[in-house]
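Below is one structure, written out as structure tokens; comments come after it.
The values are calculated or read from the model by the stated rules, or taken from the named source; none is laboratory data. As the structure is a prediction and not an experimental result, all values here were calculated from the model. Cβ placement follows ideal geometry from the backbone for every residue including glycine, while neighbour counts extend to all protein chains displayed. With ligands, DNA and RNA removed, areas are computed over all heavy atoms of the protein, side chains included. Shrake-Rupley method; radii C 1.70, N 1.55, O 1.52, S 1.80 Å.
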Amino acid sequence: MSPTVGLAGAHYSVAVIGGGQAGLSVSYCLRQRGIDHVVVEANRVGREWRERRWDSFCLVTPNWQCRLPGFPYQGDDPDGFMVRDEIIQYLQDYVAFFRPPLVEGVSVTRLRRAADGRFEVATMDGEFTADQVVVATGSYHAPSIPRLAERLPSHVEQIHSSRYRNADQLPEGGVLVVGTGQSGCQIAEDLHLAGRQVHLAVGSAPRVARFYRGRDCVAWLDDMGHYAKNIDEFDDADAVRMRVNHYVTGRDGGRDIDLRALARDGMRLYGRLTGIDGATLEFADDLKVNLDRADAVAEGIKDTIDAHIAAQGIEAPAEARYVPVWEPPGHVPELDLAEAGVTSVVWATGFTRDHRWIEIPVFDGRGYPMHWRGATSTPGLYFLGLPWQYSWGSGRFEAVGRDAEFLAGHIDTNRRLADVCGALTGAPASVASALPLG
């Protein structure tokens with residue numbers, strides 16, 4: 001905890017809840033505007049990277065996309081991919097760079113709005129109030145494990161991907177990984193490279209090539225304005241927000257994750273896990289469809305890059321297109337864990353949101369906060385760091401700073417309007433900020 005920051009009984013213009021890259025970004029932007037605030041972090045800065053990532057974890061986007069406000073990546077490997085400890089150091093260096101009013105190790109247990117318009121923030125260290133609040137806790141709160149996991153035999157060890165560190169922590173024997181988003185594919189590869197027999201239940205996540213025609217695909221897409229495209233430009237904004245990310249890796253300088261190649265080299269692939277009956281697992285007949293669709297997405301991205309190169313007259317080396325190196329020999333409907341020697345399961349099945357501590361009606365029927373660019377219908381309440389909050393990079397180092405700058409400007413405008421309204425009406429700022437303006 002910062003020695004100059006107190007909570008119990010205090011009042012701040014702005015409370016920022018969450019001290020990850022989102023909370024730190026908006027803190028920097030508020031500091032630049034001279035707005036007093038506090039950042040409350042339940043753990044230590046970097047906890048998500050420190051405690052919920054495996055040992056070989058690295059970014060899947062190039063280092064040059066790390067663009068926290070006032071503190072872009074300054075290392076000597078802009079086209080590389082920071083590993084876990086370097087990411088943690090990047091955040092710690094950011095804190096040292098501008099010294100935010102940060103309180104660490106204090107959980108917020110309740111957020112509500114009082115009758116006078118102020119926000120009441122209850123914490124394990126006492127209650128304080130604020131005129132405006134930014135919830136910067138992201139969306140990945142609680143590990144999500146399907147209920148059918150309860151049917152597995154007790155001797156099979158189960159962990160969620162957030163608890164996976166390396167192959168040595170698992171008992172000897174084969175490992176089943178369920179889920180092929182970014183975490184599932186990278187963990188499956190990590191186990192495979194460690195010499196474990198991996199069984200992988202393949203879902204519908206798309207993939208992308210790491211490099212194409214002489215450059216990282218991320219660099220091509222950035223040039224094409226892909227990452228600047230905002231959510232309002234999509235006809236199916238709600239569906240876009242729920243999309244699974246493309247799988248790829250930055251490991252060892254970056255490469256594709258080709259599940260077909262891993263299968264050729266000994267990994268065993270199945271369709272989606274649909275049922276568990278004792279030691280017998282059941283899978284859907286969709287492995288080929290899922291692999292084909294993932295490849296189609298990757299090749300479709302290459303098509304757009306080709307079109308961009310042609311339209312701009314860019315000189316780029318030609319590159320042969322991907323040719324599948326393995327095809328499923330047929331549907332494998334079941335897996336007998338004992339017969340296959342599988343002793344552990346890694347559930348790479350994502351996370352759920354948990355905003356139960358927020359006692360303000362700003363959520364839809366799915367528990368998703370209703371907002372426009374982070375601003376909710378409750379004056380003075382904002383969210384920051386949500387996936388696709390406004391653009392692809394909203395929850396990432398790439399664009400969270402742009403969202404933070406926007407919200408800081410919104411917060412500053414509200415503060416100034418509240419001062420004017422308060423002067424005209426005689427109401428305190430906390431009430432004046434909620435008064436209708438026209």
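Here are the numbers for the structure shown:
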| read-out | value |
| --- | --- |
| Prolate/oblate/rounded label for the stretch 67-196 (Cα gyration tensor, a/c 1.5) | oblate |
| Antiparallel DSSP beta bridges within the chain, as percent of all bridges there, nearest 5 | 45 percent |
| Rounded percent of accessible protein surface that carbon and sulfur make up, the stretch 88-139, 1.4 Å probe | 45 percent |
| Debye intensity ratio in log₁₀ form over the Cα atoms of the stretch 360-415, taken at each q of 0.12, 0.17 Å⁻¹ | -0.26, -0.52 |
| Surface/4 estimate of mean projected area, convex hull on alpha-carbon atoms of the chain, nm² | 23.8 nm² |
| Extension gain (nm, one decimal) between T304 and R112, 0.36 nm per residue minus Cα-Cα | 64.4 nm |
| Phi-based couplings in Hz for the stretch 195-202 (Karplus 6.51, -1.76, 1.60; Gly and Pro marked x) | x, 7, 7, 9, 10, 10, 7, 8 |
| Whole-Hz couplings from phi, Karplus 6.51/-1.76/1.60, listed for the stretch 408-415; x for Gly and Pro | 4, x, 5, 4, 5, 4, 4, 4 |
| Centroid-to-centroid separation of the stretch 327-346 and the stretch 46-85 [C-alpha atoms, Å] | 35 Å |
| Residues in the stretch 348-387 reached by a label modelled at R33 [backbone nitrogen below 16 Å; 7 Å Cα→Cβ] | 372-376, 379-385 |
| Prolate/oblate/rounded call for the stretch 278-427, Cα gyration tensor, a/c under 1.5 rounded | oblate |
| Förster radius 30 Å - calculated FRET efficiency between T352 and D277 (Cβ-Cβ, nearest 0.05) | 0.70 |
| Pairwise centroid distance, computed over Cα atoms, of the stretch 184-245 with the stretch 100-134, Å | 36 Å |
| Length gained when the stretch A96-R147 is fully extended (0.36 nm per residue, less Cα-Cα span) | 14.0 nm |
| Potential lengthening between H155 and K288 on full extension [0.36 nm per residue; Cα-Cα distance subtracted] | 44.7 nm |
